[in-house]
Structure formats: structure tokens, C-alpha cells
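Q: Starting off with a structure, shown below.
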Amino acid sequence: MALEARAAGYRAVLYKSNDFACHDRAFHLRRAVPGVELFGSIVLNRTTGSTLNPYAVQKALETTGSLCRAVWMPTLDARYAVRTYKGPGDGIAVTDDAGRLLPEVIEIMELCARADIIFATGHSAPVESLAMAQTARDMGLKKCVITHPNSLIWQMTPQQIERAAGLGAWIEYCYLPRVWGQGTAMPQYPRQSLEQMKDYLCVAPEQTFVTTDLGQPGLPRPVEGMRLAIADMRRIGLSESRIRAMTADTPAGLVNLGPQA
């Protein structure tokens, strides 16, 4: 992917894995593929423990030359996702039984705030994501990202998205729902229509950016997926400046890249 991104003229790539930390992989890939900025991240699923693990975040931030530029709350192993889809175990919680954020969430948010990197809500329930956005606002964390509120059980209403954006959170829309569905390698999910995509992208455009969420076997590769996303954004009438903001300028700021020369 690094080679494909460089060939396509990407300025940078942020890697995400649901199962393994990839900031260390970005460190080695930078040596193998010069000419494109490569960053990693960590997702707090069961591979970092059965509960939230602030120490894993701390070590990710202290190693590999500060290449960890994002921390995700649990995704596939999030309690909300596991309970909804009836997966094994009870999943990893981000709130207590009263709906209050756990102390570990606050600690991780503080680590992200000090490092000035992305804190992403992961596969949390919409109300949990809003609670994190509120706490981020209260503590001065500038890079709270609401993870794909256009997808499945994480879908937010326009009012919820506007609330999150009003709190200063960034809204990450992923393109994956436009390419899965019947006849694909992920046929169990309903494909999002072009009109639905337009509706989402018009809710809080100044606080919005677009990722692919691709990399799965049998679906478009990430760089090709971004080409398809940009083509769809043009089809729904977004301006070139808005498309650039959503796919380049805003993401560049979130991973701490300075203005492009």
C-alpha cells in the first residue's frame, strides 16, 4: 500500500489495524519506502488486554519516533459491538453501568491531548461517542474523532453529528459502506446509496473528513477506494476545494503535518 500511495502522489498514510499496533511497522516501512510520510496507530482491542490499557498507549507514544498518531477505543471488541452482534464474551467497556466514562478512558484521552494526536471513539455506541466528545471539549483535547457515524450500528442522526461537531469533534466518514453489499466479499451489509453519502457529508462539512476503511480481501484496495470516493464526491456536487479539505487538508492537520510546500 505504501508503494501504491507513493505512486498515486499521496503525501501521507495513516495505518490502522484492528488486531495489531502498526506504529512500529510504519517505522520500518519508512526506511523501505521513502518519499511518503507513513504513520501508525493503536486500537485497544483484546490484543492489548481484556480491559482498556493506558500503558499500551503510553508505550506506543514513547516509541518508534512518535509515529503513533492515533489511538482508537475498542472496535471489533467494543462492548457495544460485541453485545449487538452477540459475539464471544462481554467486550471491552468504555463506560460504567451508569453510562459514565471509565477512568481509563479519561487517562487515555489525557495521553492523547499531551501528545497532540487523534483520539478516536472506535466502535462505541453513539451516546458513548458523544460523551467522549463532551469530555474532550472539557479537557481541551483538540483531536477527538467520531469513528464512522455513517456505518451500521454506529450511525448517528444529523442532530447527534451536529452536536459532536459543535463540541469540536471531527467526523470521520468511511467509504467502505459504498463498496460492500450484495455481490461483494462482504455481502451481509446493506450498501449505502449515493444520496445517503451526500446527506452525511453535508451535515457538518467543516468538521468532516473521509477515509476508506479498506484493506479487506476481496474489496477495492485503499488507494483505489479513495479514487472511487473522490469520484462519488464529485458526482454529488461537492466542490474541488471541499473535496480537498475532506481528503487531504483536514487529515493532514490531524496527523500533525504542516502546510504543504
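Q: Decide, for the chain, between rounded, prolate and oblate: order the square roots of the alpha carbon gyration tensor eigenvalues as a ≥ b ≥ c, take rounded if a/c falls under 1.5, and otherwise choose prolate if a/b is larger than b/c, else oblate. All intermediate terms of the calculation are to be shown ahead of the outcome.
A: On the way: a/c = 1.33, a/b = 1.12, b/c = 1.19.
Taking the square roots of the gyration eigenvalues as a ≥ b ≥ c, the chain is rounded.
Q: If you don't mind, there's one more thing I want to ask. Please report Met73, Met186 as a ranked list, fewest other C-beta atoms within 10 angstrom at the top and most at the bottom. Present the calculation step by step, with values, prior to reporting the outcome.
A: Numbers: Met73 24, Met186 16.
Going from least to most buried by this count: Met186, Met73.
Q: Under 8 Å for C-alpha pairs, at least 6 residues apart: give me the relative contact order for the stretch 1-147, rounded to a whole percent.
A: Values: 267 pairs, mean separation 27.9, N = 147.
For the stretch 1-147, the relative contact order is 19 percent.
Q: Let me ask something else. Would you mind calculating the relative contact order of the chain from Cα pairs under 8 angstrom and at least 6 residues apart, reporting the percent as a whole number? Walk me through the numbers before you get to the answer.
A: On the way: 453 pairs, mean separation 32.6, N = 261.
Averaging sequence separation for qualifying contacts and normalising by length gives 12 percent for the chain.
Q: Tell me, what HN-Hα J-couplings in whole Hz come from the Karplus equation 6.51 cos²θ - 1.76 cosθ + 1.60 at θ = phi - 60° for each residue of the stretch 95-110, using x for Gly and Pro?
A: Per-residue couplings from phi come out as 10, 8, 5, 8, x, 7, 4, 5, x, 5, 4, 4, 4, 5, 4, 5 Hz.
Q: With a sphere of radius 13 Å drawn around the Cβ of Asp19, what net charge do the other residues whose Cβ falls strictly inside it have (Lys, Arg +1; Asp, Glu -1)?
A: +2
Q: To make sure I understand the rule: partners must be lysines, Cα under 22 Å from the Cα of Lys142, and not fewer than 8 residues away in the same chain. Which ones qualify?
A: Partners within reach: Lys16, Lys59.
Q: Sticking with this structure for a sec: Ranked from highest to lowest mean number of other Cβ atoms within 10 Å per residue, what is the order of the peptides 110-123, 210-223? Intermediate results must be reported in sequence, preceding the final value.
A: On the way: 110-123: 22.4, 210-223: 17.9.
Highest to lowest by the protection proxy: 110-123, 210-223.
Q: Quick query: amide H of Arg191 versus all other amide H atoms, modeled in the peptide plane; which residues come in under 5 Å with a sequence gap of 5 or more or a different chain?
A: The list, which skips near neighbours in sequence, is Gln182.
Q: Quickly estimate the mean residue ellipticity at 222 nm for the chain, helices only: each DSSP H run with n ≥ 4 gives -39500 (n - 2.57), and the total goes over all residues, rounded to 500.
A: Working: 11 runs with 101 residues, N = 261.
Computed mean residue ellipticity for the chain: -11000 deg cm²/dmol.
Q: Grab the other residues whose beta carbon is less than 13 angstrom from that of Trp154, score K and R as +1, D and E as -1, and report the net.
A: Working: positive: none; negative: Glu128, Glu172, Asp213.
Value of the local net charge: -3.
Q: Just order 39-50, 195-206, 88-99 by mean Cβ neighbour count inside 10 Å, highest at the front, would you? Could you put the intermediate results ahead of the total?
A: Details: 39-50: 20.5, 195-206: 16.2, 88-99: 14.6.
For the peptides 39-50, 195-206, 88-99, the packing ranking is 39-50, 195-206, 88-99.
Q: Which residue fluctuates most in the GNM of the chain (Cα springs below 10 Å): Leu101, Leu152, Leu228?
A: Leu152
Q: Could you grab the relative contact order for the stretch 169-238? Cα pairs under 8 Å, six or more apart, rounded to a whole percent.
A: Values: 81 pairs, mean separation 25.6, N = 70.
Answer for the stretch 169-238 is 37 percent.
Q: Quick one: Karplus J couplings for the stretch 197-214, per residue in order, coefficients 6.51, -1.76, 1.60, θ = phi - 60°, nearest Hz, x for Gly and Pro?
A: Rounded to whole hertz, the list is 4, 4, 4, 5, 5, 9, 6, 9, x, 5, 10, 10, 9, 10, 10, 8, 6, 9.
Q: Amide H to amide H under 5 Å from Trp72: which residues, 5+ apart in sequence or cross-chain, H placed 1.01 Å off N in plane?
A: So Trp72 has HN proximity to Ile42, Val43, Leu44, Ala120.
Laboratory data are not the source of any read-out in this text; all were calculated from the coordinates shown. Worth saying up front: this structure is predicted, and the values here are computed from it rather than measured. For neighbour counting, all protein chains shown are included, and Cβ atoms are generated from backbone atoms with ideal geometry for every residue, glycine included.
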